[in-house]
Amino acid sequence: MTNAVIVDVVRTAVGKGKPGGALSGTHPVELLAHVLRSLVERNGIDPAQVDDVIGGCVNQASEQSLNISRTALLAAGFPESVPATTIDRQCGSSQQAAHFAAQGVIAGAYDMVIACGVESMSRIPMGTSSMGKDTHGPSIRARYPEGLVNQGISAELISAKWKFDRDALDAFSAQSHQRAAAAIAAGHFDKEIVPIEVTNAAGEQVQHTVDETVRAATTAEGLAGLKPSFYTEDYAARFPEAQWIITPGNSSPLTDGASAALIMSEELANKLGLTPRARFHSFSVAGDDPVFMLTAPIPATQKVLAKSGLSIDDIDAYEVNEAFAPVPLAWAHEFGADPAKLNPWGGAISLGHALGSSGTRLLSTLVNHLEATGGRYGLQTMCEGAGMANATIIERI
């Protein structure tokens, strides 16, 4: 069987996803074009050799509409002969892009492909693509007559079901910032971040190189003072079990960013004199209850472990997206996972969650962590809107 390998994976440092954030003045096409251009330049690849570019983006509206992956590759100077497509599996969009890319290589449809993702949450706010319209329709309302809920309510329901209290959520969230700050100080992200020139608040051109959302001084005690984000009287009446403990401090912040992975057959990498860094080992995708919504990483992980023949103890690092603190905590509880291996360089609570970019952003950190520690297997999974999740196992080469 053909091995699909990761030759390289890069990302921008993230910016706060609001006006005035470090990347808020940069068009999302330029963000994605920058990582595409950087990826081929630093690996000496002729972009004409790329069979396809598969990009993830969630809010495909306005500046992110009309197949932003194709627009970005043209902006990056790729030949017009290189095609691209943009997909939406909600928060897991670029992880799914990596799945499609690697699976295409394994099947023989591709020799070389780029999986990537972008989201500018400062310029294209969440929900923009719905245009304020009903996205469910009568059949969904008939199937779920009490109504589906937003992800914050789902996080509240998970906290209640797994009996997590506010202290546990805030402690985990503070740890995310502390781990990310330590990783930055140690230079662990230097290999994956490609500097991008931006205009700062003073109108000066500067290089953006450090994740803007990490707060090294964060403590659980400081987070304890934040107010709940999702309480309403209607939801409180519907969900009396909810504790109303999800706050901005134990949720991922709105973020801007882009990321990209160069994926090819191991045979082609060797032919080109490139050194593969990891190979794709196993894949899964799963659906789950769309009201709880954020629990699908659990069945997705069960599926990918069964396919791989590995146990959770065989995995050296787990990247479980921190959309909200109870998501990785519930996942870890179900698998008895070693907390030291869970998001060891911090997660989305500190490093941000630029929706369409997060899948390949997590992949970049997982590859680099395995290399830095000598680990062999890494597992990545992330919850997705409407109750889905992807799970990926990679093996360091």
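The values are calculated or read from the model by the stated rules, or taken from the named source; none is laboratory data. Here the structure is a predicted model, which means the values were calculated and not measured. So basically every Cβ, Gly included, is an ideal-geometry build from the backbone, and we count neighbours across all protein chains shown.
Residues that are surrounded by fewer than 18 Cβ atoms within 10 Å (Cβ to Cβ), at negative phi and out of contact with any Pro (no Cβ under 9 Å at 6 or more places or on another chain) within region 47-74 comprise Q49, A61, S65, L74, listed in sequence order.
Listed conditions (1) closer than 13 Å to A391 by Cβ; (2) crowded, with 20+ Cβ neighbours inside 10 Å; (3) over 18 Å from the mean Cα position of the chain (by Cα) are all met by L310, apart from (2).
Highlighted here are the helices (runs of 4 or more DSSP H) found entirely within region 303-397 that include at least 3 residues which are touching a Phe, Trp or Tyr at 6+ places or on another chain (Cβ under 7 Å): 326-335. What are the residues in region 1-20 that are buried (at least 22 other Cβ atoms within 10 Å of the Cβ) and more than 19 Å from the chain's Cα centre (by Cα), if any? Those that are buried (at least 22 other Cβ atoms within 10 Å of the Cβ) and more than 19 Å from the chain's Cα centre (by Cα): A4, V5.
Checking each residue in region 144-172 for being assigned to a loop (DSSP other than H, G, I, E, B) and not hydrophobic (A, V, I, L, M, F, W, C) picks out Y144, P145, E146, G147, N150, K163, D165. Restricting I349, I394, I298, I315 to those that are β-branched (V, I, T), buried (at least 19 other Cβ atoms within 10 Å of the Cβ) and under 25 Å from V53 (Cβ atoms) reduces the list to I394.
Pairs meeting the criteria (first residue in region 313-337 and in contact (Cβ under 8 Å) with a residue 60 or more places away in the chain and within 21 Å of E371 (Cβ to Cβ), second residue among the polar types (S, T, N, Q) and assigned to a loop (DSSP other than H, G, I, E, B), beta carbons under 7 Å, at least 6 apart or on different chains) are E319/N343; V320/N343.
Highlighted here are the strands (runs of 3 or more DSSP E) found entirely within region 1-115 that include at least 3 residues which are under 23 Å from D211 (Cβ atoms) and in contact with a strand residue (DSSP E or B) (Cβ under 6 Å, 6 or more places away or on another chain): 4-11. Does region 265-276 contain at least one residue that is out of contact with any Phe, Trp or Tyr (no Cβ under 6 Å at 6 or more places or on another chain) and either at pLDDT below 95 or part of a strand (DSSP E or B) (or both)? Within region 265-276, one or more residues are out of contact with any Phe, Trp or Tyr (no Cβ under 6 Å at 6 or more places or on another chain) and either at pLDDT below 95 or part of a strand (DSSP E or B) (or both). With respect to being among the β-branched types (V, I, T) and under 23 Å from the mean Cα position of the chain (by Cα), V206 falls outside the description.
Within region 122-148, residues that are farther than 19 Å from R238 by Cα sit with their Cβ atoms under 6 Å from residues that are of a type in the set (S, T, Y), at 6+ positions apart or across chains, in these pairs: S122/S24; I124/S62.
Whether any residue in region 326-340 is under 28 Å from A217 (Cα atoms), crowded, with 24+ Cβ neighbours inside 10 Å and within 13 Å of the chain's Cα centre (by Cα) is what I want to check. There is no residue in region 326-340 that is under 28 Å from A217 (Cα atoms), crowded, with 24+ Cβ neighbours inside 10 Å and within 13 Å of the chain's Cα centre (by Cα). For region 179-218, the tally of residues that are among the polar types (S, T, N, Q), in contact (Cβ under 8 Å) with a residue 60 or more places away in the chain and not in a loop (DSSP other than H, G, I, E, B) stands at 1. Residues that are among the hydroxyl-bearing types (S, T, Y), under 22 Å from the mean Cα position of the chain (by Cα) and over 30 Å from V53 (Cα atoms): does region 113-126 have at least one? Checked against the condition, which is being among the hydroxyl-bearing types (S, T, Y), under 22 Å from the mean Cα position of the chain (by Cα) and over 30 Å from V53 (Cα atoms), region 113-126 yields no hits at all.
All conditions in (1) surrounded by fewer than 18 Cβ atoms within 10 Å (Cβ to Cβ); (2) in contact with a Phe, Trp or Tyr (Cβ under 9 Å, 6 or more places away or on another chain) hold for S81, with the sole exception of (2). Does D165 satisfy the criteria of being touching a residue at least 12 places away in the same chain (Cβ under 8 Å), within 23 Å of M293 (Cα to Cα), crowded, with 21+ Cβ neighbours inside 10 Å and acidic (D, E)? So D165 fails the test. The set of residues from region 116-132 being under 21 Å from G15 (Cβ atoms) and either assigned to a strand (DSSP E or B) or of a type in the set (A, V, I, L, M) (or both) comprises C116, G117, V118, E119, S120, M121, I124, M126.
For (1) over 13 Å from L351 (Cα atoms); (2) in contact with a His (Cβ under 8 Å, 6 or more places away or on another chain); (3) surrounded by 20 or more Cβ atoms within 10 Å (Cβ to Cβ), each residue gets a yes or a no:
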{"site": "Q175", "(1), (2), (3)": "no, no, yes"}
{"site": "A181", "(1), (2), (3)": "no, no, no"}
{"site": "V206", "(1), (2), (3)": "yes, no, no"}
{"site": "A220", "(1), (2), (3)": "yes, no, no"}
{"site": "S229", "(1), (2), (3)": "yes, no, no"}
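Buried (at least 19 other Cβ atoms within 10 Å of the Cβ) and more than 21 Å from H99 (Cβ to Cβ) - does that describe any residue in region 275-288? For region 275-288, residues buried (at least 19 other Cβ atoms within 10 Å of the Cβ) and more than 21 Å from H99 (Cβ to Cβ): absent. Reported count of residues in region 191-204, each being surrounded by fewer than 14 Cβ atoms within 10 Å (Cβ to Cβ) and under 14 Å from S38 (Cα atoms), is 1.
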